[in-house]
Amino acid sequence: MAYFQKEIETASREQIRAWQDERLVKTVNHVWNNCEYYRNKMKDRGVEPGDIRSRDDLYKLPFLTKDDLRDAYPYGLMSMPLSECVRIQSTSGTTGKRVIAFYTQHDIDLWDDCCARAIMAVGGTKEDVVQVCYGYGLFTGGPGLNGGSHKVGSLTLPMSSGNTERQLQFMTDLGATIICCTPSYAQYLAESIHEAGLRDKIKLKAGIFGAEAWTEEMRRDIEERLGIKAYDIYGLTELSGPGVSFECEAQAGMHINEDHFIAEIIDPDTGEVLPEGSKGELVFTSITKEAFPLLRYRTKDICVLNSAPCSCGRTHIRMAKPMGRSDDMLIVKGVNVFPSQIEQVLLSKGLTSNYQIVVDRKGVTDSLEVRVEMTPELFSDTMGAMTQKETEITEALKAMLGILAKVSIVGPKSIVRSEGKAVRVIDKRNLYNT
């Protein structure tokens, strides 16, 4: 079993706790002394640095949300002088102002370490060729895995996203062994590889996939089509980027880098901290960042934490694959619907993960349509067989969701492919204007 920083990754739970206690106290004092926005939020809560003596006191601190990051845009949450910052990364800004995160060189070095741990956890070494197909620039995916690959000493192909023809050329010519991209783009690459007849020419052994939700069924599909092991990685621009947590070869949850982040699970409605094993909203506190440390940041991701021993030997707590989000779930006919539930049904019934969910409203009645591409097997079937499959999926979705969805099996490649995050949901209801 290979580790990038074995003494840290396999440290005792007592040692991890000691690091967290010490670093939390230091970070709280750091933001109090250097960030007026934090200081005011803590004062509003009636909290001073002296009230925080260990992670047992974490609950006393106020939560931070994306609204705080937008309200403080651009410099309000910085905790270091601008002269000490060497980079920014940013979210897409599709739901409002962009969220900008600042980094000192120290912050970048620690981020690179986290991503290096992720690469070595899937079997990466300096002998590997790592093809990074996440976007570069403001998006954190490319820079994060790029830095981690450098730390490991692997040959790094900084491909960025898109230009699939070039991706395949470099993949085959340079013998890429590890690929890093979104899971939806991995499926698109798999399709392209098979269409180009390159399946026997690729040398991939592992893939590190993140930045969007994906199911276990999708994992198995990618592994089978590419002949690799597919691993999950988790991160948020607000916290640093990919590498907050990562899967090991056991593929049994993502190890959180607890020497850098403290994780909590809360009730998304009340904010109450829930015991380990409970399903709830994931909250992170960064305890080693200098420029942009976030305390009790509400991620909106729904998951479960597990501190049971892992067969890989790593001792850091694991988070389950997010089971949805508390803010992007669809409410259709009064029922909470997560796209991941729909994907799970489609893949379990032998269909592809190339699908779109279309929600509409006529008068006061919501409608839910699921469009999914046919498989090659269905392409050769009769219309009767297609109709029977649509009925089967409709019944399975009703059993899963509790409401009726119209299922439409559409032609191959009729749903636009994505070279970044897939557009899964089209909501036509204009809910904020009704």
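Bear in mind these aren't lab numbers, they're just calculated from the coordinates by the rules spelled out. Since the structure is predicted, the reported quantities are computational estimates derived from the model, not experimental observations. Here Cβ is always computed from backbone atoms with ideal geometry, including for glycine, and neighbour counts include all displayed protein chains.
In nm, to one decimal, how far is the modelled label at ARG98 from the one at LEU274, with both set 7 Å along Cα→Cβ?
Each label point lies 7 Å from its Cα, and together they span 3.5 nm.
Around GLU281, what is the net charge, scoring Lys/Arg as +1 and Asp/Glu as -1 over all other residues with Cβ under 10 Å from its Cβ?
-1
What ranking of LEU174, LEU378 emerges when the number of other C-beta atoms within 10 Å of each C-beta is taken as an exposure proxy, fewest first?
Details: LEU174 13, LEU378 18.
Lowest to highest Cβ neighbour count: LEU174, LEU378.
Percent relative contact order of the range 108-229, based on C-alpha pairs within less than 8 angstrom and at least six residues apart?
For the range 108-229, the relative contact order is 24 percent.
So how do 298-304, 78-84, 346-352 stack up, highest first, on mean other-Cβ count within 10 Å?
Going from most to least packed, we get 298-304, 346-352, 78-84.
Quick check: residue separation of GLN105 and ILE331 times 0.36 nm, minus the Cα distance between them. What number comes out in nm?
Contour length minus the Cα-Cα distance gives 77.1 nm.
With everything on Cα atoms, drop me the angle between helix 164-173 and the longest principal axis of the chain, reported from 0 to 90° to the nearest 10.
Tilt relative to the chain: about 80 degrees.
Going by amide H atoms built from the backbone, whose H comes under 5 Å of the H on ASP128, apart from near neighbours?
LEU155
What is the antiparallel percent of DSSP beta bridges lying wholly in the chain, to the nearest 5?
60 percent
Count charges around GLY350 for me, please; just the other residues with Cβ under 11 Å from its Cβ, Lys/Arg as +1, Asp/Glu as -1.
Overall, the nearby charge balance is -2.
Can you pull the percent of Cα pairs in the chain with separation above 36 Å?
29 percent
For the chain, find the longest principal axis of its Cα atoms and tell me its angle to the long axis of helix 183-195, 0 to 90°, nearest 10.
So the inclination is approximately 40 degrees.
Using only Cα atoms, tell me the angle between helix 141-152 and the longest principal axis of the chain; keep it within 0 to 90° and round to the nearest 10.
70 degrees
Listed here are the pairs LYS321/LYS413; LYS26/LYS300; LYS126/LYS300; which of them are more than 30 Å apart at the Cα?
LYS126/LYS300
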